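Novice: Below is one structure. I have some questions about it.
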Amino acid sequence: MNREENINQLKDSSKIWDIAVIGGGSSGLGVALDAISRGLSVILLEKADFAKGTSSRSTKLVHGGVRYLAQGDVMLVLEALKERGMLLKNAPHLAHDQPFIIPIYTWFDRIQYSVGLKLYDWMSGRLSLGKSEFISKKETIKRIPAVLQKGLMGGVVYHDGQFDDARLALDIAQTADEAGACILNYTKVSSLEKNESGKIIGLKVQDVLSGKKYPLQAKMVVNATGVFADKILQMDNPEAPKMIQPSQGIHLVMDLDFLGGTDALMIPKTRDGRVLFAVPWHGKLVVGTTDTLREKPRLEPEALQKEIDFVLETAGGYLTRKPTRSDVKAVFAGLRPLARPKEGSTKTKEISRSHKVIVSDSGLVTLTGGKWTTFRKMGEDTVDYFKQITGESPASSNSLDMKIHGFTENLLEGHWKIYGNDAKAIKAIAKEKAEWEEKLHPDFPNIAAEVIWAVRNEMAVKVEDVLSRRIRILILDAQAAIDTAPKVAQLMASELQKDEKWISQELVDFQKTAEKYLIKK
């Protein structure tokens, strides 16, 4: 995936793209993947880095949504379970089965969750990841040694999917790129171009890195900018009502020994009505999430102190060793792009987690809401509007069975697994120079060759791109990422032919970002 080559495609202003997608998170990438699977010409434009926003800040679960089942949203759960099963088949290097245990302290909870999760199993059908079952107190303690034992009757085990969100986004981008799409990060849409009838016929875009501006023509323009969708809607029509209600969720990352096993813990009842997860991920424990309404979307949202206290307090109520602020290695926040109801309700329980596709008078197609698990179906439903917008009938969708970049059934062990088929190529790069075989940080397995690979093949152009989304050190241990940044900057500068001034500025910028991931003791 070569950014310079893709930027060069913008120079041909006479080309008319079938679909131009604004947004490089899960929604936009889902649209690009489905469109390219139908043989349409696609260009995707992301103003920052792929999955810079919400799509790299999830709970790292590919799930049907046990909570949505409890709310009676059966169709959403059925759709998500199907997509979950197919993703695990198409990207085994990135998504895998994760057993969860719900600790049981009352007979009512035993019956409630045993029955509910049997229904969840049944709805999964042939794509089920495993049967749910009740396990004894002894077995629960054996599997989660750190679980609170007072009053414990046992646990209910069920299965869901787990994944690396930012890495999946990157691999979807590469899948689309390899199939012929033009995929670009750090490329900002500055205006929508319309004909005399007020219909959108293209865009004006700017390469954020060089400052150069380019016009491009497109038959259909898709606004898939997540929590920023209202900005594009108002670019199209300044009077457009707000469609998005941002809801913030935060996660705390701590050492895995707070749980003591490889099973994940699911706490089904919390003060704010959400479930709380404690999930093993990349050798750490990710605990979250919250549900806090925020009025304005931000590219780098920050956790509120009350959210941090809530997660610590709730997790501490189920663990023998209660985590404190000093135990937190990193905190990250994400904004869910919930579709706001027309009446403007601000109660999150009334706001749909399902996605919606909206067509403006200008022909702008906006995808709102949704969740990571259903990214592909969201894309398919959006591309289905191509005929309505253009009058042309696209081929049927083939994205359901598309293998994601890196797909292989011969996965390497350890952290190499997430690279899939690319792992051998990265190891080959490491052999070119002795220093490229060196670890970036003593506490993490990642080596210098991974930075070289990210620059050469994954469009990484900033230190943050590498440490936050190509290699996940920033959200696993913020201080370790700060300590690693100088080495990463030097490696990148050599590859990108940048000078000391660039290195200094990158380190200043990264420090400013990384400090938001550090918890104040």
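The values are calculated or read from the model by the stated rules, or taken from the named source; none is laboratory data. Remember, predicted model here, so these are calculated numbers, not experimental data. All Cβ positions, even for glycine, are placed from backbone atoms using ideal geometry, and neighbour counts span all protein chains on display. Heavy atoms of the whole protein, side chains included, go into the accessibility calculation; ligands, DNA and RNA do not. Shrake-Rupley method; radii C 1.70, N 1.55, O 1.52, S 1.80 Å.
Novice: Check V311, V331 and return the single one that is buried (at least 18 other Cβ atoms within 10 Å of the Cβ), part of a helix (DSSP H, G or I) and touching a His at 6+ places or on another chain (Cβ under 9 Å).
Specialist: Answer to the check: V311.
Novice: Cβ-Cβ under 7 Å, sequence separation 6+ or interchain: first residue in the range 36-51 and under 14 Å from V208 (Cβ atoms) and basic (K, R), partner open to solvent by 10 Å² or more (accessible area, probe 1.4 Å) and not in a loop (DSSP other than H, G, I, E, B). Which pairs?
Specialist: Every condition considered, the pairs that remain are K47/K188.
Novice: Quick one: is D422 of a type in the set (D, E) and buried (at least 17 other Cβ atoms within 10 Å of the Cβ)?
Specialist: yes
Novice: Quick check, is M459 in contact with a helix residue (DSSP H, G or I) (Cβ under 7 Å, 6 or more places away or on another chain), touching a residue at least 12 places away in the same chain (Cβ under 8 Å), assigned to a helix (DSSP H, G or I) and buried (at least 23 other Cβ atoms within 10 Å of the Cβ)?
Specialist: Judged against the criteria, M459 is not a match.
Novice: Given the residues I447, I426, I473, which is the only one that is in contact with a Leu (Cβ under 6 Å, 6 or more places away or on another chain) and under 18 Å from G414 (Cβ atoms)?
Specialist: One residue alone meets the criteria, I473.
Novice: List the number of the failed condition for K427; all other conditions in (1) open to solvent by less than 20 Å² (accessible area, probe 1.4 Å); (2) more than 28 Å from V287 (Cβ to Cβ) hold.
Specialist: Here K427 clears every test but (1).
Novice: Looking at the range 21-41 only, could you name the residues that are of a type outside the set (S, T, N, Q) and more than 21 Å from the chain's Cα centre (by Cα)? Spell out the reasoning first.
Specialist: Going through the range 21-41, the residues of a type outside the set (S, T, N, Q) turn out to be 21-25, 28-36, 38-40.
Within the range 21-41, R38, G39, L40 qualify.
Novice: Please pick out the residue among K387, K377, K403 that is surrounded by fewer than 23 Cβ atoms within 10 Å (Cβ to Cβ), among the charged types (D, E, K, R) and within 23 Å of L335 (Cα to Cα).
Specialist: Going through K387, K377, K403 in turn, the sole match is K377.
Novice: Would you mind telling me which numbered condition in (1) under 30 Å from F510 (Cα atoms); (2) not in a strand (DSSP E or B) R321 fails?
Specialist: Only one criterion is unmet by R321, namely (1).
Novice: What number of residues in the range 375-422 are over 20 Å from E450 (Cβ atoms), without any contact (Cβ under 8 Å) to a residue 40 or more places away in the chain and in a loop (DSSP other than H, G, I, E, B)? Before the answer, list the steps.
Specialist: Residues of the range 375-422 over 20 Å from E450 (Cβ atoms): 375-403, 409.
Subset that is without any contact (Cβ under 8 Å) to a residue 40 or more places away in the chain: 381, 384, 387-388, 391, 393.
Retained after the next criterion (residues that are in a loop (DSSP other than H, G, I, E, B)): 384, 391, 393.
Here the count works out to 3.
Novice: Looking only at the range 65-101, which residues are part of a loop (DSSP other than H, G, I, E, B) and surrounded by fewer than 24 Cβ atoms within 10 Å (Cβ to Cβ)?
Specialist: G65, Q71, G72, D73, P92
Novice: Can you spot a residue in the range 101-115 that is under 30 Å from G23 (Cα atoms) and of a type outside the set (S, T, Y)? Even if it seems obvious, please write down each step before you answer.
Specialist: Applying the first criterion (under 30 Å from G23 (Cα atoms)) to the range 101-115 yields none.
The answer is no, given that none of the residues of the range 101-115 is under 30 Å from G23 (Cα atoms) and of a type outside the set (S, T, Y).
Novice: Just to confirm my filter: which strands (runs of 3 or more DSSP E) fall fully inside the range 151-232 and include at least 1 residues that are closer than 30 Å to L94 by Cα and hydrophobic (A, V, I, L, M, F, W, C)?
Specialist: Where strands (runs of 3 or more DSSP E) fall fully within the range 151-232 and carry at least 1 residues being closer than 30 Å to L94 by Cα and hydrophobic (A, V, I, L, M, F, W, C), they are 154-163, 182-184, 213-223.
Novice: Something else: Look through the range 360-374, keep the residues that are of a type in the set (S, T, N, Q) and in a strand (DSSP E or B), and return whichever of them is surrounded by the most Cβ atoms within 10 Å (Cβ to Cβ). Full working, then the answer.
Specialist: Step one: of the range 360-374, the residues of a type in the set (S, T, N, Q) are 360, 362, 366, 368, 373-374.
From what is left, the residues that are in a strand (DSSP E or B) are 366, 368.
Numbers: T366: 25, T368: 27.
Step by step, filter the range 360-374, then rank; the result is T368.
Novice: Here is a further query. For the range 436-456, enumerate the residues that are among the charged types (D, E, K, R) and outside any strand (DSSP E or B).
Specialist: E437, E438, D443, E450, R456, listed by residue number.
Novice: I'd like to know if the range 104-118 contains one or more residues that are open to solvent by less than 50 Å² (accessible area, probe 1.4 Å) and not in a helix (DSSP H, G or I).
Specialist: Scanning the range 104-118 turns up at least one residue that is open to solvent by less than 50 Å² (accessible area, probe 1.4 Å) and not in a helix (DSSP H, G or I).
Novice: Moving to a separate point now. Hey, among E392, E409, which residue is open to solvent by 20 Å² or more (accessible area, probe 1.4 Å), closer than 14 Å to I19 by Cα and among the charged types (D, E, K, R)? Talk me through it step by step, then tell me what you get.
Specialist: Numbers: E409 fails: closer than 14 Å to I19 by Cα.
The unique qualifying residue is E392.
Novice: Looking only at the range 1-56, count how many residues are in a helix (DSSP H, G or I), within 25 Å of F332 (Cβ to Cβ) and open to solvent by 30 Å² or more (accessible area, probe 1.4 Å).
Specialist: Number satisfying all stated conditions: 1.
Novice: Could you check, for the range 242-258, whether at least one of its residues is open to solvent by 20 Å² or more (accessible area, probe 1.4 Å) and over 20 Å from R321 (Cα atoms)? Working first, answer last.
Specialist: Initially, the range 242-258 is screened for residues open to solvent by 20 Å² or more (accessible area, probe 1.4 Å), giving 242-243, 255-257.
Now drop any that are not over 20 Å from R321 (Cα atoms), which leaves 242-243.
Looking for residues that are open to solvent by 20 Å² or more (accessible area, probe 1.4 Å) and over 20 Å from R321 (Cα atoms), one finds at least one in the range 242-258, hence yes.
Novice: Across the range 176-224, what is the number of residues that are under 25 Å from the mean Cα position of the chain (by Cα), among the β-branched types (V, I, T) and open to solvent by 30 Å² or more (accessible area, probe 1.4 Å)?
Specialist: 1
For (1) over 22 Å from the mean Cα position of the chain (by Cα); (2) open to solvent by 30 Å² or more (accessible area, probe 1.4 Å); (3) free of Cβ contacts under 8 Å to residues at least 24 places away in the same chain, each residue gets a yes or a no:
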site: I471; (1), (2), (3): no, no, no
site: D477; (1), (2), (3): no, no, no
site: A485; (1), (2), (3): yes, no, no
site: Q490; (1), (2), (3): yes, yes, yes
site: D499; (1), (2), (3): yes, yes, yes
site: S504; (1), (2), (3): yes, yes, yes
site: L507; (1), (2), (3): yes, yes, no
site: Q511; (1), (2), (3): yes, yes, no
site: A514; (1), (2), (3): no, no, no
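Novice: If you don't mind, there's one more thing I want to ask. Restricting the search to the range 124-150, which residues are part of a helix (DSSP H, G or I) and open to solvent by 20 Å² or more (accessible area, probe 1.4 Å)?
Specialist: Once the filter is applied, which keeps residues that are part of a helix (DSSP H, G or I) and open to solvent by 20 Å² or more (accessible area, probe 1.4 Å), the range 124-150 yields G125, R126, K137, K138, E139, I141, K142, R143.
Novice: For Y158, all conditions in the list (1) open to solvent by 10 Å² or more (accessible area, probe 1.4 Å); (2) of a type in the set (F, W, Y); (3) within 30 Å of the chain's Cα centre (by Cα); (4) closer than 26 Å to K322 by Cα hold save one; what is the number of the exception?
Specialist: With (1) open to solvent by 10 Å² or more (accessible area, probe 1.4 Å); (2) of a type in the set (F, W, Y); (3) within 30 Å of the chain's Cα centre (by Cα); (4) closer than 26 Å to K322 by Cα applied to Y158, the lone miss is (1).
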